[in-house]
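Asks: Right, I'll just put the structure down here and ask away after.
What follows draws every value from the coordinates through simple rules; no lab data is involved. The model shown is predicted, which means the values in this text are computed figures rather than measured ones. Methodologically, a virtual Cβ is constructed for each residue, glycine included, from the backbone with ideal geometry; neighbour enumeration extends over all protein chains shown.
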Amino acid sequence: MKVKVLSRNPDNYLRETKRDIHKVPRNYDPTLHPFEAPREYIRALNATKLERVFAKPFIGSLDGHRDGVNCLAKHPHQLSTLVSGSYDGEVKVWDLTRRECISSIQAHDGFVQGLCAVPDGSSFLTCGTDKTVKQWSINEEGRINPEPVVTLLGKTVFQQIDHSLGHNSFATCGEQVDIWEVDRAEPVRSFTWGVDTVHAIKFNPIETHILAGCAVDRSILLYDMRGSAPLRKVILKLKSNALAWNPMEAFIFTVANEDYNLYTFDMRKLSMPLNIHKDHISAVLDVDYSPTGKEFVSGSFDKTLRIFPYDKGHSREVYHTKRMQRVSVVKWSLDNKYLLSGSMEMNIRVWKARASEKLGI
Amino acid sequence: MEANVTKPFVKKKQNMKRYFMEGDGKELSTNKASKDMKKHSPEKKGSKPIGEKRFKKPIKMRTYSDKDGQQKTQQVFKIDISKTERHRKWQMKKQRQAQGEQRKLQHRKHMREQQDPFPGDAPIPKERIQKYERGEHIKDTGTRTGQGSRKLAEQEKKLQFAARQAARTEILLHEEAGFLEADEGEDTTSITQHDLAGVVDITSAQKFFELKLPDFGPYSVNYTRNGRFLLMGGVKGHVAAIDWMTKKLLCEVNVMETVNDVKWLHQETMFAVAQRQWTYMYDNQGIELHCLKKLDCVLRMEFLPFHFLLASANSKGYLSYIDVSIGEKVAGYSTQMGRLDVMCQNPSNAIVTLGHSGGTVTMWCPKLKEPVVKMLCHQSGVRSVAIEQAGQYMATSGIDRTLKIWDLRTYKMLHSYKVPMGAGQMAFSQQGLLATGMGNIVQVYKDSCRQEVKAPYLTHNLTSSVRSLQFCPYEDVLGVGHSTGFSSLIIPGAGEANFDALESNPYQTKQQRKEAEVKMLLEKIPSDMIHLDSSMIVQVDKKGLQETIEEHNKIKYLKPQKMEYEPRYKAKGKSRGQKVVQQKKGVIEEQKREIIKEALVEKQTGNRAKEVNKHRQGNVLDRFKRKVD
């Protein structure tokens, strides 16, 4: 007779010393793992609940401005530097790690309407209601030289300014859209379409000669810097407040509209939006994309920030505080970890992009 | 293997630059390369022959002497290779290079194959893959778009990949299952335990032992989930917990009362004893932890490990479920079927099965007041019920001396055997062996479900009648509690050879046991998720979805009227602005809701009235009347 009885050698199943790891033999036979579906369901439920338990997104606030914050600009190379402009013409440079103001200057007489960084990181440009564009140099520590490098005078008020990433030129918008080069005193090119003001302008980060702007006649305009006339125009039902290009997809941009929604368009086919993002309960004032291009953040008149996935119609997260009033500007940090929101009560708040993430702060 | 030697690739020289033509313009190119080019070049429609197209202008005249000695002149032309020609040449060069690469790869593959006689992935037998497949294959019916069917195809691919990978992990399993093969002409039935103990190795021989405990009555036995610890309860009050492999005693106590049943809870730290009046819970040191007065006169208990539920059946016909982790009674039903002393749980879906004296077997879940399934199994009382590990087969035995095997998917009887006396106890092992206890004899049957069995696999005679049976998980051992103590029998091929340490580990340390307890509690399944089909949570709730859609459709077409409401302003700051607005909103919402309800009801009655009217009026011949709008 042939017999074999199951006998295990305990040495194969127990660890030899205390410093070893435990031995964990596995068998994936489904009969040894009953109730797979309900257990997995319970695990998923617990994980979601714990994620909400650990969701503490607010990190801190930067205060020091004496009037509402109107614009923010990210430094292209230094993650901890932030430049902000407020309604009293003051521009401040902040160190995000210590949450302190490094330097501040009185840049303009009226509002600081627009603020953008020059891609090489050595200077940044501001434009204001006093019809000037000024270029300020900033050193490695973040100190601004109180005298502007260049001051350009215009005939009309400038609403926003943006610098191209591939060319040595920047664009301002107001009564018309002007393309400037840094060493020229007059705009190189001007675009007009109708008689309305364009109040937002953004360069495409990938196709660096393309611009998009939002005008007061409820339209969105596309320009090519190299061309002589604007490319296209699409008119929506209500005015768009802000615009952001997707840094990963060359032809996708999102606009923040007055009708409480955000619309994502494909530049090549403006007749229909790719997606409508609905969740805000008041006008959406600003939008910015994450550097991964998979999500974007929007700040609205209803005192909240919402984070939307790029392809979904509803937000995945909402941030709000009792103390935060109208959110006028939002930015997503370039390391994909933080959100910055500037609001009317003179504070800039730093939030976590993923609320339950452990960041060691 | 025939030697398939591939020649190394040699680049062909290309030095065609000039055509040599005769005076009359007839082409006379002697160069080999040009001939090749003519062969390879694609013939375009209406294209001139190569020679004519080529030349532009003669550079010089050359005189040469013929073989006859005649003087002949020759025009030498410089070929202006046009752009298209250059491109074609480049294309062909690329083609040749690609061919060369291909030849190189083929050569390498050939060399590799010469060393590797089994190229590619190892094949997996189909039955093994089927073991790891869960559910049905995705069928692509009803998708209207190509994108939809592509998505389904991708999903199916992923599932198949997962099943194949899981099947491949079998190579990592350490142990092999036990077996017993009798010699030619002999039967395994005639092999005794003593024979087996004499043949196998020492550690296995030690697994066959007997504990003589004649004083305290027939013993009920229970093994923990990992098969390490054994709990024995004698009817006259003796309760003992031991680690049966090392024979180390955990605790031993006499509860001074009748003990009907004993059961381990989720781990070896606690156990429950069904005593004469109430149920008690003890620590592994024998310290009484709880006295559950809610569970009175309990005859049988079952612990559902993934739900932390202790199901108990009492002599008054009452079935109750207690959640052991929070100590609450989850459900209790009066079954109205008399004394309940036959109980079994279905390990795959946690349904409790009871056997009754009328011959019926009922299945219960904590949610429902009535049994989920009620089957008439025997013509007289049911003596015992046992359900297989995967929840597919059920064995029942009755007083009418029959043993029946049922398929639990279809609830049909598969086999019916006549046995000498009603099997009072039955148990299934992890590998599908069925043990039956009939009086003093224990018989083990192999493969009793899938095919008709002729003779038992093994049999053992005891000195006293069997009280309870259980196979030890992950071991080839059957534990038998009888009137004079406990016996442990060797049954080769009973236990699962390879355990999964993350599920139940017989060699777990104290630290691992603590962690496992926490993990089990976190994964505790709520009692209302117990269904006949344990994966029901994963399926789409079609009925619920349908209902919500219908409700939505009903409400869509109702327009509520505009509400006017002015709140009363209370004196002295009691009516703050915000509160007033909230109040106004609330009242208006309430009124709206009322109106919508009324409108809905009206709509429904209106429809019904319309239908009734429609049927009442009208003649059969009305349809031929001209319709007047």
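Asks: Report, as an integer, the average count of C-beta atoms from other chains found within 10 Å of each Cβ along B:171-180. Display every interim value, and only then the final one.
Replies: Working: counts 0, 4, 5, 6, 7, 2, 2, 5, 5, 5.
Mean shielding by partner chains, rounded to a whole number: 4.
Asks: So, one more: Would you mind working out the magnitude of the charge dipole of the protein assembly as shown relative to its Cα centre, with +1 at each Lys and Arg C-beta and -1 at each Asp and Glu C-beta, to the nearest 20 Debye?
Replies: About 4740 debye.
Asks: Please rank A:Phe203, B:Phe216, fewest neighbouring Cβ atoms within 10 Å first, as an exposure proxy. Numbers along the way, then the final one.
Replies: On the way: A:Phe203 24, B:Phe216 19.
Starting with the residue having the fewest Cβ neighbours, the order is B:Phe216, A:Phe203.
Asks: Shifting gears a bit: Under the classification rounded if a/c is under 1.5, otherwise prolate if a/b is larger than b/c and oblate if not, where does the range B:193-351 fall, given a ≥ b ≥ c as square roots of the Cα gyration tensor eigenvalues? The partial results should precede the final answer.
Replies: Numbers: a/c = 1.84, a/b = 1.68, b/c = 1.09.
Taking the square roots of the gyration eigenvalues as a ≥ b ≥ c, the range B:193-351 is prolate.
Asks: Still on this structure, please answer the following. Could you give each residue of the range A:225-241 its phi-based ³J(HN,Hα) in whole Hz, using Karplus coefficients 6.51, -1.76, 1.60 with θ = phi - 60°, and x for Gly or Pro?
Replies: 4, 7, x, 9, 9, x, 7, 8, 9, 10, 9, 9, 6, 10, 5, 9, 8
Asks: Quote the relative contact order of the range A:67-287 in percent (integer), defining contacts as alpha-carbon pairs under 8 Å separated by 6+ residues.
Replies: Numbers: 616 pairs, mean separation 20.7, N = 221.
This gives 9 percent for the range A:67-287.
Asks: Express the Stokes-Einstein translational diffusion coefficient of the range B:316-358 in µm² s⁻¹, to the nearest whole number, given a Kirkwood radius over alpha-carbon pairs, 20 °C and a viscosity of 1.002 mPa s.
Replies: Working: Rh = 11.6 Å.
My calculation gives 185 µm²/s for D.
Asks: If all Cα-Cα distances of the range B:144-280 are sorted into 10 Å bins from 0 onward, what percent lands in each bin, rounded to whole numbers?
Replies: Histogram of Cα-Cα distances, whole percents per bin: 9, 23, 20, 19, 14, 9, 5, 1.
Asks: Separate question: Between rounded, prolate and oblate, where does the range B:383-479 land on the alpha carbon gyration tensor, with a ≥ b ≥ c its root eigenvalues, rounded for a/c under 1.5, else prolate if a/b exceeds b/c?
Replies: oblate
Asks: Which whole-Hz ³J(HN,Hα) couplings does the range B:410-422 yield from phi under the Karplus relation 6.51 cos²θ - 1.76 cosθ + 1.60, θ = phi - 60°, glycine and proline marked x?
Replies: 9, 6, 10, 7, 9, 9, 9, 10, 9, 10, x, 8, x
Asks: Could you work out, residue by residue across B:492-502, how many beta carbons of other chains sit within 10 Å of that residue's beta carbon, and then give the average as an integer? All intermediate terms of the calculation are to be shown ahead of the outcome.
Replies: Working: counts 5, 4, 2, 2, 5, 3, 8, 6, 8, 7, 6.
Mean number of neighbouring Cβ atoms from other chains: 5.
Asks: Which order do peptides B:475-487, B:225-237 fall in by mean Cβ count within 10 Å, highest first? Let's see the in-between values first.
Replies: Numbers: B:475-487: 24.5, B:225-237: 22.2.
Ranked from most to least packed, the peptides come out as B:475-487, B:225-237.
Asks: Still on this structure, I have one more. Given H placed on each backbone N at 1.01 Å, which residues far from B:Asp476 in sequence or on other chains put an amide H within less than 5 Å of it?
Replies: Correct list: A:Leu6, B:Gly495.
Asks: At a threshold of 8 angstrom on Cα-Cα distance, excluding pairs fewer than six apart, so keeping six or more, what relative contact order does the range A:315-361 reach in percent? Walk me through the numbers on the way to the answer.
Replies: On the way: 54 pairs, mean separation 12.9, N = 47.
That works out to 28 percent.
Asks: Then there is this: In debye, nearest 20: dipole of the range A:67-287 around its Cα centre with unit charges on the Cβ of K, R (+) and D, E (-)? If you can, show how the numbers build up before the last one.
Replies: Numbers: 20 positive and 27 negative charges, 126 e Å.
So the dipole magnitude of the range A:67-287 works out to roughly 600 debye.
Asks: Based on the Cα atoms of the range A:67-287, what semi-axes does the equivalent ellipsoid have, where each is the square root of 5 times one gyration tensor eigenvalue, given in whole Å with the largest first? Working shown, then result.
Replies: On the way: eigenvalues 150, 79, 55 Å².
Equivalent ellipsoid of the range A:67-287: 27, 20, 17 Å, largest first.
Asks: Report the FRET efficiency, 1/(1 + (r/R0)^6), for A:His314 and B:Val373, where r is their Cβ-Cβ distance and R0 is 60 Å, rounded to 0.05.
Replies: Values: r = 43 Å, r/R0 = 0.72.
Taking R0 as 60 Å, the efficiency between A:His314 and B:Val373 is 0.90.
Asks: A follow-up question, please. What is the packing order of peptides B:144-151, A:209-216, taking the mean over residues of other C-beta atoms within 10 Å and listing the highest first?
Replies: Put in order of decreasing packing, that is A:209-216, B:144-151.
Asks: Once amide H atoms are placed 1.01 Å from N in the peptide plane, what residues at a sequence separation of 5 or more from B:Ser348, or on another chain, have their amide H within under 5 Å of its amide H?
Replies: Here B:Gly391 satisfy the definition.
Asks: Right, here's the next one. Mind jotting down the three principal axis lengths of the range A:126-225 based on Cα atoms? Whole angstrom, largest first.
Replies: Projected onto its principal axes, the Cα set of the range A:126-225 covers 41, 31, 22 Å.
Asks: Scan around A:Val329 for amide H atoms under 5 Å from its own, H built in the peptide plane at 1.01 Å from N, and keep only partners 5 or more places away or cross-chain.
Replies: Excluding prolines and chain starts, which carry no amide H, the hits are A:Gly342.
Asks: Sticking with this one: Using the structure shown, list the pairs from A:Lys202/A:Lys312; A:Lys202/A:Lys278; A:Lys239/A:Lys278 with a Cα-Cα distance above 21 Å, or answer none. Intermediate values should be presented prior to the final figure.
Replies: Numbers: A:Lys202/A:Lys312 23 Å; A:Lys202/A:Lys278 23 Å; A:Lys239/A:Lys278 16 Å.
In this structure, A:Lys202/A:Lys312; A:Lys202/A:Lys278 lie more than 21 Å apart at Cα.
Asks: In addition: For the protein assembly as shown, just run the numbers: alpha carbon Rg, then divide by 2.2 N^0.38 Å, N being how many residues it has.
Replies: Working: Rg = 43.1 Å, N = 990, 2.2 N^0.38 = 30.3 Å.
The protein assembly as shown yields a ratio of 1.42.
Asks: Quick one: Kirkwood hydrodynamic radius for the range A:85-175, alpha-carbon pairs, angstrom, one decimal? Please report the intermediate quantities before stating the final value.
Replies: Values: mean 1/r = 0.0754 Å⁻¹.
13.3 Å is the Kirkwood radius here.
Asks: Let me ask you something else. Taking the Kirkwood radius as the inverse of the mean 1/r across Cα pairs, report the Rg/Rh of the range A:239-279. Can you show the working numbers first?
Replies: Working: Rg = 9.8 Å, Rh = 10.3 Å.
Across the range A:239-279, the Cα-based Rg/Rh ratio is 0.95.
Asks: Let me ask something else. Too long at a 24 Å Cα-Cα cut-off: which of B:Lys412/B:Lys446; A:Lys134/A:Lys331; A:Lys56/A:Lys331; B:Lys519/B:Lys542?
Replies: Values: B:Lys412/B:Lys446 21 Å; A:Lys134/A:Lys331 22 Å; A:Lys56/A:Lys331 19 Å; B:Lys519/B:Lys542 33 Å.
Check vs 24 Å cut-off fails for B:Lys519/B:Lys542.
Asks: How long are the three semi-axes of the equivalent ellipsoid for the range B:167-217, computed from the Cα gyration tensor as the root of 5 times each eigenvalue, in whole Å, largest first?
Replies: On the way: eigenvalues 174, 85, 24 Å².
Taking √(5λ) for each Cα gyration eigenvalue gives 29, 21, 11 Å.
Asks: Hey, what did the range A:50-179 get for relative contact order, percent, Cα under 8 Å, at least 6 apart? Kindly include the intermediate steps, with their values, before the conclusion.
Replies: Working: 314 pairs, mean separation 21.1, N = 130.
Worked out over the range A:50-179, it gives 16 percent.
Asks: Go through the range A:25-36 residue by residue and turn each phi into a ³J(HN,Hα) via Karplus (6.51, -1.76, 1.60, θ = phi - 60°); whole Hz please, and just put x for glycine and proline.
Replies: So the Karplus estimates, Gly and Pro as x, are x, 10, 9, 8, 4, x, 5, 7, 10, x, 6, 4 Hz.
Asks: Provide the FRET efficiency to the nearest 0.05 for the A:Arg98-A:Thr17 pair, computing r from the beta carbons and using R0 = 45 Å. Could the numbers behind the result be given before it?
Replies: Numbers: r = 47 Å, r/R0 = 1.04.
Computed FRET efficiency for A:Arg98 and A:Thr17: 0.45.
Asks: Mind checking A:36-47 for the average number of partner chain beta-carbons within 10 Å of each residue's beta-carbon?
Replies: Numbers: counts 4, 11, 16, 8, 4, 7, 8, 3, 0, 1, 2, 0.
Counting other chains' Cβ atoms within 10 Å and averaging over A:36-47 gives 5.
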